[in-house]
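Enquirer: Before I ask anything, here is the structure I am working with.
The values are calculated or read from the model by the stated rules, or taken from the named source; none is laboratory data. Predicted model, so just to flag it, every value in this text is computed and none were measured. Here the Cβ positions follow ideal geometry from the backbone for every residue, glycine too, while neighbour counts run over all protein chains shown. Please note that ligands, DNA and RNA were not included when accessible areas were found on the heavy atoms of the full protein model with its side chains. Shrake-Rupley method; radii C 1.70, N 1.55, O 1.52, S 1.80 Å.
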Amino acid sequence: MRVAIVAEYYPRAADPVLGVWAHRQALAAREAGADVRVLVLHRPVPPKAALRSRDPRQLAAPLRQPLRTELDGIEVRYVPFLAPTRARSYGSWGAWAAPTLSLALRRLRREFPYELVHAHYAAPGGDAVRRARPGAPYVVSVHGGDVLAVARRADGEVPVRKALEGARLVLANSAAIEQRARSLGATDTRVVHLGTDLTSERPSSDGAAIVTVANLVARKRHADVLRALWLLRDSHPALAWIVVGDGPERPAIERLATELGLSGRLHLTGRLPHA
């Protein structure tokens with residue numbers, strides 16, 4: 001089967017771990033026998049963190065993103081679109097992205113006659129695909145934020161509903177998210193739990209640690225884990241927290257750890273190679 005994947009979160013030259021899970025799923029689909037191409041919704045505007053830092057490299061990174069590349073043997077095309085700020089219009093980004101996505105899908109189909117389109121997130125991905133009229137059935141993977149947060153925005157509920165109603169199949173990462181997707185119009189749904197490869201080796205049971213693998217950005221709410229660690233300071237005095245990842249929230253996390261007296265139990269490794 002030939003599948004065109006449409007995603008907003010996907011690795012970029014300046015951020016190779018952004019949406020790496022979507023790329024891993026694309027690789028898994030290829031390993032299962034599908035022929036895969038990827039279209040990435042790319043808004044070439046620097047994020048707020050780059051604007052605050054005024055770092056020329058960060059500010060220019062979105063504009064320097066190559067529009068075609070190959071990742072692990074999978075062809076990836078970046079589809080630029082312009083839209084107002086996330087805070088003002090994120091729920092409607094699918095409408096802003098649809099014109100260039102429609103053109104990209106038509107071009108792709110001439111050389112790669114895909115039979116299915118797989119969109120990550122109901123909005124903006126699924127909504128953009130619906131509006132682009134891809135000429136093939138589409139499925140949507142919902143990941144939580146789209147049906148729990150975007151759908152509650154004034155500009156987001158209708159795009160999410162229409163994307164789910166038009167999907168041939170909706171894949172949810174939990175039973176609760178599946179139920180929420182159904183309440184928003186999804187009809188044919190299936191739960192596909194996210195997972196990870198486990199090594200044959202197991203760590204020693206000596207001591208205890210919490211491990212988090214995530215970008216250090218505010219919406220990941222690392223501060224909540226630190227506060228929980230503080231609440232457990234007496235009952236679990238040896239409990240440590242290992243954080244794999246990096247990002248703009250690192251200084252704030254380090255400051256909070258110092259304020260809570262947890263600096264010695266917080267271990268920030270930065271980003272690590274996948275292996």
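Enquirer: Along Cα→Cβ, 7 Å out, is where each label goes; now give me the distance between the ones at Asp197 and Arg153 in nm to one decimal.
Expert: 3.5
Enquirer: Further question: Report the label-to-label distance for Gln179 and Leu272 in nanometres (one decimal), using points 7 Å from each Cα along the Cα→Cβ vector.
Expert: Each label point is offset 7 Å from its Cα along the Cβ direction, giving 3.6 nm.
Enquirer: Further question on the same structure: If contacts are Cα pairs under 8 angstrom and at least 6 residues apart, what is the relative contact order of the stretch 1-141 in percent?
Expert: 27
Enquirer: Still on this structure, I have one more. Can you check what the net charge comes to around Val38, using other residues whose Cβ is under 13 Å from the Cβ of Val38 (Lys, Arg +1; Asp, Glu -1)?
Expert: Working: positive: Arg2, Arg12, Arg24, Arg30, Arg37, Arg68, Arg77; negative: Glu8, Asp35, Glu70, Asp72, Glu75.
Combined, the nearby Lys, Arg, Asp and Glu give +2.
Enquirer: Give me the accessible area of Leu67, 1.4 Å probe, in Å² rounded to the nearest 10.
Expert: Looks like 90 Å² after rounding.
Enquirer: Pop the C-beta distance of Asp55 and Ile210 into the FRET formula with R0 = 25 Å and round what comes out to the nearest 0.05.
Expert: 0.20
Enquirer: Would you work out the Kirkwood radius for the stretch 2-88? I mean one over the mean of 1/r across all pairs of different Cα atoms, in Å.
Expert: Roughly 13.8 Å, rounded to one decimal.
Enquirer: Go through Arg37, Arg88 and list them by solvent-accessible area, largest first, probe radius 1.4 Å.
Expert: I get Arg88, Arg37, largest accessible area first.
Enquirer: Is there a quick way to get the dipole size of the chain? I mean about its Cα centre, with the Cβ of Lys and Arg at +1 and of Asp and Glu at -1; what is the value in debye to the nearest 20?
Expert: Using only the charged Cβ atoms, the result is roughly 1040 debye.
Enquirer: Using only C-alpha positions, report the orientation-averaged shadow area of the convex hull of the stretch 138-223, nm², one decimal.
Expert: 8.3
Enquirer: Also, quick follow-up: Please list 3J(HN,Hα) in residue order for the stretch 133-147, calculated via the Karplus relation 6.51 cos²θ - 1.76 cosθ + 1.60 where θ = phi - 60°; whole Hz, with x for glycine and proline.
Expert: Values, residue by residue: 6, x, x, 8, x, 10, 10, 10, 9, 9, 10, x, x, 5, 8 Hz.
Enquirer: What's the carbon and sulfur percent of the chain's accessible surface, probe 1.4 angstrom, rounded to a whole number?
Expert: That fraction is 55 percent.
Enquirer: Further question: For the stretch 237-254, just list the computed ³J(HN,Hα) in residue order, Karplus coefficients 6.51, -1.76 and 1.60, θ = phi - 60°, integers in Hz, with x standing in for Gly and Pro.
Expert: Using θ = phi - 60°, the values come out as x, 9, 5, 10, 10, 9, 10, 9, x, 8, x, x, 8, 4, x, 5, 5, 5 Hz.
Enquirer: So what is the relative contact order of the chain, in percent, for Cα pairs below 8 Å that sit 6 or more residues apart?
Expert: The normalised contact order for the chain reaches 12 percent.
Enquirer: Here's a follow-up. Taking the solvent-accessible surface of protein heavy atoms with a 1.4 Å probe, what is the per residue accessible area of the chain in Å²?
Expert: I get 56 Å² per residue for this part.
Enquirer: Just to confirm a number: summing +1 for Lys and Arg and -1 for Asp and Glu over residues other than Pro113 whose beta-carbon lies under 14 angstrom from that of Pro113, what do you get?
Expert: Here the count lands on +3.
Enquirer: Kindly rank 112-120, 241-249 from highest to lowest mean number of other beta carbons found within 10 Å of each residue.
Expert: Result, highest mean Cβ count within 10 Å first: 112-120, 241-249.
Enquirer: What's the center-to-center distance, using Cα atoms, between the stretch 129-156 and the stretch 5-52 in Å?
Expert: The two parts, judged by their Cα centres, are 16 Å apart.
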